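The values are calculated or read from the model by the stated rules, or taken from the named source; none is laboratory data. All values derive from a computational prediction rather than experimental measurement. FYI the Cβ positions are ideal-geometry reconstructions off the backbone, even for glycines, and counts take in every protein chain you see. Please note that ligands, DNA and RNA were not included when accessible areas were found on the heavy atoms of the full protein model with its side chains. Shrake-Rupley method; radii C 1.70, N 1.55, O 1.52, S 1.80 Å.
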Amino acid sequence: MKNIYKILIAFVGVLAVSCNADDVDNRTVLTAIAGPEFKTPLSGKQYILDENDASKVAETFVWSAAEYDQNVVVNYTVLIDKKGGDFSAPVNLGTITNATELAVTVKTLNQAAIELGAIPDQAAQFDVKVISDVSKGLAMTSKMPITVTVTPYTGRLTYDFVDWYLVGDATVSGWDNNKGNQPMFRSGTSASDYKFTGFFKKGAFKVISKLGSWVPMLGKADATKMAPRNTDADADPASFEIAADGFYTFSMNTETLEYTLVAFDASAKATYTTVGIIGSSTPKGWDASTAMKQSTFDAHMWSLGVTALIEGEAKFRANDAWDVSWGGKTAFSGGGTGDNIPVGKSKYLIYFNDLDGSYLLIPNQE
C-alpha cells in the first residue's frame, strides 16, 4: 500500500508541474504596436517667454495614442533636452495617464530651458519627445523628437528688498565691512522695519547695506534718530555705543530713521546644540533637517551658506525634533509664528535667530 501511495503522490506532483508549465505557456503576452507621435506643435515652433505670463500655458502638447494589443493603462511623459542631446539627462515637462495632451506653463518651460543651459533672453533650440509606458514596463518612444526654439527669461525671484548689516568692534565682523557681517532681520510685513536681538561686545557699531562698501551707511544722530551717509562725500555719522558685553535688541526704521537700542534678558532662553531647516523646499524634504552652522560669537545665531531650495515650504527646528520649532507666514523674512514659511525656487543665504524666531532668506541668484 505504501508503494501505491508513493506512486499516486508522484503522479499528482508531475500533473501539478505540468499544469503550471501550461499556465506559463498560455499566459497573455502584451505586445507594443505603435508608439505615440506628436500632432502639435510641429518642429520649428518658437517660444519667447515672459515672466509676467509665468502661470499661463506656453504650449499644450498633443500626441497620438500609443497602441498595444490589449487594453492597458498608459502613462505618457513629455521630455525635453538640448538639441542633439541623447535624453540621458532630460527635464521632465510632465506625466499624464490615459490622456494624449499635456498643458505646460510658461514657468515650467522656462525653468526647463534654464536647467538645460539656456542663457536668459537668448534663443536656444531643444528637442522634445513623448514616451508611453505601461505597468508591465513596455515603453515606447516617439520615433522623431520635435525641435522647438525657446527664449527664456532669467527665472529669478523678484526680491525688492534692501538688506542691512552690522559692522563695528561690538559685532562679529569687527570693523571689516565684508567679513561674515551679521544681517539685520527684516520684518515680514514692513520692508522698512529691521531688528536684531543678540550678543554685542562692549564697543561701537554702525549699519551698512552693501557688503564691501561704506555707503549707504546708517549711524547715530541722537538718542532716537539715525544719521545716513549716502555718498562717499558725506560725513561719517557717529557710532551706536554698547556700554558692556551682553544681549541687546537694536531696532530701526529706514524711512523715519528712528531707532531703539535696549538691553535684552537672554538668561531664560535655551541654548541649542543643533538647529536645522526642514520642509518640502529643502534638500531632505520633511524627512530630515538640514543642519545650520552655529555662530561662535553668538550661540543663538545660525546660518547656511549658498543653499539651493525648491518651491515649497520650510520651518526651523531644534535638536532634529519637533518639540521646539519656528516658522512664519511670509517669504524671505519674518518669524514668530508656527506657520510653514513659503519658499520660491532659488539659491539662498539663510539666517536664523533662535532668541525670537526671526529668519532671513536672501536669494543668491548669480
Across the stretch 50-61, what is the number of residues that are at pLDDT 95 or above and surrounded by 14 or more Cβ atoms within 10 Å (Cβ to Cβ)?
3
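Go through the stretch 114-148 and give me each residue that's of a type in the set (S, T, N, Q), open to solvent by 10 Å² or more (accessible area, probe 1.4 Å) and more than 28 Å from the chain's Cα centre (by Cα). Before the answer, list the steps.
Restricting attention to the stretch 114-148, the residues satisfying the condition of being of a type in the set (S, T, N, Q) are 122, 125, 132, 135, 141-142, 147.
Pick out the ones that are also open to solvent by 10 Å² or more (accessible area, probe 1.4 Å) and you get 122, 125, 135, 141, 147.
Within the stretch 114-148, SER135, THR141, THR147 meet the criteria.
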Which ones in the stretch 246-296 are farther than 30 Å from ASN230 by Cα, outside any strand (DSSP E or B), open to solvent by less than 60 Å² (accessible area, probe 1.4 Å) and not aromatic (Phe, Trp, Tyr)?
ALA266, ALA270, THR274, GLY279, SER280, SER281, THR282, GLY285, ALA288, SER289, MET292, SER295
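Of all residues in the stretch 153-187, how many are modelled with pLDDT of 95 or more and closer than 28 Å to ASP53 by Cβ? Reasoning before the result, please.
Step one: list which residues in the stretch 153-187 are modelled with pLDDT of 95 or more, which gives 161-187.
Pick out the ones that are also closer than 28 Å to ASP53 by Cβ and you get 161.
Counting residues in the stretch 153-187 that are modelled with pLDDT of 95 or more and closer than 28 Å to ASP53 by Cβ gives 1.
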How many of the residues making up the stretch 82-104 are open to solvent by 80 Å² or more (accessible area, probe 1.4 Å) and touching a residue at least 24 places away in the same chain (Cβ under 8 Å)?
4
Could you please give the count of residues in the stretch 260-287 that are free of Cβ contacts under 8 Å to residues at least 40 places away in the same chain and over 15 Å from the mean Cα position of the chain (by Cα)?
9
ALA299 part of a loop (DSSP other than H, G, I, E, B) and touching a Ser or Thr at 6+ places or on another chain (Cβ under 9 Å)
yes
What pairs come out if I take residues in the stretch 29-45 that are free of Cβ contacts under 8 Å to residues at least 24 places away in the same chain and pair them with residues that are open to solvent by 30 Å² or more (accessible area, probe 1.4 Å) whose C-beta lies under 7 Å away, six or more apart or interchain?
THR40/VAL62
Do we have any residue at all in the stretch 199-216 that's among the basic types (Lys, Arg), in contact (Cβ under 8 Å) with a residue 60 or more places away in the chain, open to solvent by 20 Å² or more (accessible area, probe 1.4 Å) and under 23 Å from PHE264 (Cα atoms)?
no
Taking the stretch 177-195 only, how many residues are open to solvent by 20 Å² or more (accessible area, probe 1.4 Å), within 21 Å of ALA244 (Cα to Cα) and part of a loop (DSSP other than H, G, I, E, B)?
1
